[in-house]
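Presented below is the structure to which this report refers.
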Amino acid sequence: MIAIGIMGFTGNLYAQAIYRLTDSKDINMKLSGTSTLHNWTMNANAFGGEAQFEIKPDSRQLTAIKSLTFSLAVQDLKSGENGLDKNAYKALKTSTYKDIVFKLLSATVVPEKDNKYLIKAHGNLTIAGVTKEVTINVSAVVNENGTITCNGSHQLNMTDYQVKPPTFMLGAMKTGDSITLDFTLVYKK
C-alpha cells in the first residue's frame, strides 16, 4: 500500500529549474510608436532576467512558471538617431529610473502543439518609476536543446506611466501616446 502511494506521488513530480536570459543575437526587445513626422523604433539586445519553469521530467512539456523577472536598462534602447534617443531617455526619466522592470505575479500555461505554449503572464510592469499590473500574452517554445524561447507583444500608453510623450523641434513634432513593446527572449538553464 505504501509502495503504491509512493509510486503515485513520484509520477506527479516535475522538474523545476532556474533559467536565465541567454546572451545571444536571438534576443531582442523593440519599442515602437508614431509621431507627426514618422514612425519610430528603438531596439535593445542586452537585458537581464531569470525564470523558474516547471518542466515534466523526460519531456519538453512546460507545465507552469513559478517566477519570472526581467530588467532592461532604458539607455540600452537605441534608435540610431541621437536626438530621438536623448528625448526618449529624458521622457522616461532615466536620470532617476534606470530600468524597465517586469515581475511575474501569476501565469497560466496553455499547451498548443509541438512543444509550443500560450502563456498569459500577469505581473507588475514598472516604467519611469510607475508600476502597473499588466497581462501579456506570450508564445513559448521548449526547444530541443532545453532552452525556452518566448515571443510577445504588449501595447501601452506612456501617460499611464506618467511619461509625457516627447516633442521635438519646439513642439512641431509630437509622438503618439501609444507604444508597442515587442520581444524575443531565450532562457537557458
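The values are calculated or read from the model by the stated rules, or taken from the named source; none is laboratory data. All values derive from a computational prediction rather than experimental measurement. Positions of Cβ are generated from backbone atoms using ideal geometry, with glycine treated the same way; all protein chains shown enter the neighbour counts. We work out accessible area using only protein heavy atoms, side chains counted, and drop any ligands, DNA or RNA first. Shrake-Rupley method; radii C 1.70, N 1.55, O 1.52, S 1.80 Å.
When shorter helices are ignored and each DSSP H run of at least 4 residues is given -39500 (n - 2.57), the per-residue value for the chain at 222 nm works out to -3000 deg cm²/dmol. Inverting the pair-averaged 1/r between distinct Cα atoms of the chain gives 18.1 Å as its Kirkwood hydrodynamic radius. Using a probe of 1.4 angstrom and keeping all protein chains present, the accessible surface of the chain works out to 57 square angstrom per residue. Every pair of different Cα atoms in the stretch 62-125 enters the Kirkwood calculation, which places the hydrodynamic radius at 14.1 Å.
Note on V134 and K90: the model spin-label points, each 7 Å out from Cα along the C-beta direction, lie 2.4 nm apart. Under a model in which nothing but the beta-carbon of Lys, Arg (+1) and Asp, Glu (-1) is charged, the chain shows a dipole of about 260 debye around its Cα centre. The apolar share of the surface of the stretch 54-120, taken as the fraction of accessible area on carbon and sulfur atoms (1.4 Å probe, ligands and nucleic acids excluded), comes to 49 percent.
Distance between the pseudo-spin-label points of K78 and D99 (7 Å out from Cα toward the beta carbon): 2.1 nm.
With 25 Å as the limit, the listed pairs K66/K116; K30/K103; K56/K132 have K56/K132 beyond it between alpha carbons. Shown here for the stretch 77-139: trypsin sites (Lys or Arg not before Pro) in loop regions (DSSP other than H, G, I, E, B) with at most 12 other Cβ atoms within 10 Å, namely K113.
Zone of D23 (label point 7 Å along Cα→Cβ, backbone N under 20 Å): which residues in the stretch 42-56? Label zone hits: 44-51. Take the Cα of T108, step 7 Å along the line toward its Cβ, and report every residue of the stretch 139-157 whose backbone nitrogen sits under 19 Å from that point. Taking a point 7 Å out along Cα→Cβ of T108, the residues of the stretch 139-157 whose backbone N falls under 19 Å are 139-141, 151-155.
Under the criterion of Cα pairs below 8 Å and six or more residues apart, the relative contact order for the chain equals 23 percent.
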